[in-house]
Amino acid sequence: MSVPTTMAVAGRTVRRVLVAGLGLALVALTPLTAQASGTTEAAGEPVAATGAAAGPAGVIGASSEPERVAGAAAAPVAVTRTTLAEDTVIPRGVTVDLVRRTMTLTAGEKRHLRGRLEATSTTTGIVGLTERIRCLDASGRTVPVVAASARNHEGSDTVTYATPGHLPLFADLLFTAPADGTYTCVLQGTAYSSLTGSYHLTAVAGKTWLEADDSDRVGAGRWQNPACESADSGGACTYVGTGPARRDAWVFYDDGTPTRRWQAHPDAVSVSAQANLELTTCYHGTASCATAMQAHPRGKNAVVDARFEFIQLGTTGHAFLTGLPVDPACGTRDFLMRIYVKHVSGQTVKIDGVQSGVTSLTNGIAFNNFG
C-alpha cells in the first residue's frame, strides 16, 4: 500500500496515523526528489503508517560525540537498478532469493541499497510477507546488519492497494564493507501464515528490483533502535499506548538507543535523511507483544501521531531552526535524528527493533549531498 508523506524544510509536521495491525513507515527528508511508501510486517494484522517533518522540537541535549567523516569530497552518486526478470513464486515458509548485486569494495566503503518487492497472492486469506536486503561476504556469511520490512498480504481479492491484489514493500540498507573484498547483496522474500491448504505469493517481474550505489556513499551515517524480538518474551521492546505502556516515545533518542550525532562532510552543500519506522498492534492473543500490553481485542484499531526530525545542532548542542541546506550559522555540522511517536487511541503499539541481533526493522540513514 502506497502512503503519502509530508515534506518540510523548516518547522514541523505532525501526521496522524491509523494503525490497523503491524507495519512499517518510510519517512524521507531531502532537498531533492522526495519519495515515501508505507509497508507493514506480518505477525499481527495489516497496517499502514507514515509521517514526516523537518525541524526541531525544542532544546536537545546531545551527549555523544558526532560521527566524524573523512576523505575527499565526492561527486553525486550514480545508482544502478537490477530488476526481477521473471515472476518468481515465494512458497510458504521459504526464503527466496529474488535479485542480487555483486560489488568489490575496500574496507569502510559504503553503499546505499534500496529494494522493492511487489507480490500477488493465490489465496484470499491473509499471508505474511517479509522483504530483506542481506549482504554476504566471499565465504557466503551474512554481514550484519540485514534490513527488513514486512506486511500482511490481505489476499488476491483486496482492492485497498494501488493495484488491486498487488502489495509493494520497500527496504533500505546502508552497507559498510568490513574489509577489502567482494560482497553480494540479495533481495529476498519470505511468505508465512497459519492458513491451511495450498497457497503461495509471487514476486512480480519488472516491479521487483534492487538498487545499489555505484560508488562510495562518503560519510553517510546510520541509526537503528535496540533489540526487540518478535514475541518480546523478555519485555525489551518500547510500547506506546495505555496501561503499562508509555504515552509517547522518541525513537533513536530515549528508547534505549545511545544518543549520537552525525557530522555532515565539510564539502557537503546539503544533506538528506530517511527513516523506517515499524509498528505492531498488540491485540489480545497476539504472539507479537508482551502479554501485559494486550489491552484490546483484535480489530480495535490504534491511532498514533508520528513526526520525523533531522536537526542541525548549534555549538552548545541544542536544536537550531533551519532548512535542509547545511547552515554555517549553527557553528557546527552536527545533526541529530529522531522520530516522535505518540499514542492517541485504541490498541497499544509496539515499536519494532533489531531481531536476532542482525535484522533491523526500524532504522534511519543520513546522506551527504555534494554539488
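Comparison of Ser139, Ser149, Ser121 shows that the only residue that is open to solvent by less than 30 Å² (accessible area, probe 1.4 Å), among the hydroxyl-bearing types (Ser, Thr, Tyr) and at pLDDT 95 or above is Ser121. Identify all residues within segment 172-202 that are closer than 19 Å to Thr88 by Cα and hydrophobic (A, V, I, L, M, F, W, C); write none if there are none. Passing the criteria: Cys185, Val186, Leu187, Ala191, Leu201. The listed residues are Gly128, Gly165, and the only one of them that is farther than 23 Å from Thr362 by Cα and either at pLDDT below 95 or open to solvent by less than 50 Å² (accessible area, probe 1.4 Å) (or both) turns out to be Gly165. Of all the criteria given as (1) over 22 Å from the mean Cα position of the chain (by Cα); (2) surrounded by 13 or more Cβ atoms within 10 Å (Cβ to Cβ); (3) on the phi > 0 side of the Ramachandran plot, the one not satisfied by Leu201 is (3).
Note on segment 83-98: among residues that are touching a Phe, Trp or Tyr at 6+ places or on another chain (Cβ under 8 Å) and over 14 Å from Val127 (Cα atoms), the one that is least open to solvent (accessible area, probe 1.4 Å) is Leu84. Residues in segment 290-311 that are over 20 Å from Asp254 (Cβ atoms) and not aliphatic (A, V, I, L, M): Thr291, Gln294, His296, Pro297, Arg298, Gly299, Lys300, Asn301.
Applying the criterion of at least 2 residues that are in contact with a Lys or Arg (Cβ under 8 Å, 6 or more places away or on another chain) and either open to solvent by 30 Å² or more (accessible area, probe 1.4 Å) or at pLDDT 90 or above (or both) to the strands (runs of 3 or more DSSP E) found wholly in segment 277-371 leaves 302-312, 334-345, 363-369. If I ask for residues that are open to solvent by 60 Å² or more (accessible area, probe 1.4 Å) and either touching a Ser or Thr at 6+ places or on another chain (Cβ under 7 Å) or within 22 Å of Thr286 (Cβ to Cβ) (or both), which ones from segment 257-270 would you list? Answer for segment 257-270, where residues must be open to solvent by 60 Å² or more (accessible area, probe 1.4 Å) and either touching a Ser or Thr at 6+ places or on another chain (Cβ under 7 Å) or within 22 Å of Thr286 (Cβ to Cβ) (or both): just Pro258. Restricting the search to segment 225-249, which residues are part of a strand (DSSP E or B) and surrounded by fewer than 20 Cβ atoms within 10 Å (Cβ to Cβ)? If the condition is that a residue be part of a strand (DSSP E or B) and surrounded by fewer than 20 Cβ atoms within 10 Å (Cβ to Cβ), then Ala227, Arg246, Asp248 are the ones that fit.
The values are calculated or read from the model by the stated rules, or taken from the named source; none is laboratory data. These figures come from a predicted structure and were not determined experimentally. With ideal geometry, Cβ positions are generated from the backbone for all residues, glycine too; neighbour counts draw on all protein chains shown. Protein only, heavy atoms only, side chains kept; ligands, DNA and RNA dropped before computing areas. Shrake-Rupley method; radii C 1.70, N 1.55, O 1.52, S 1.80 Å.
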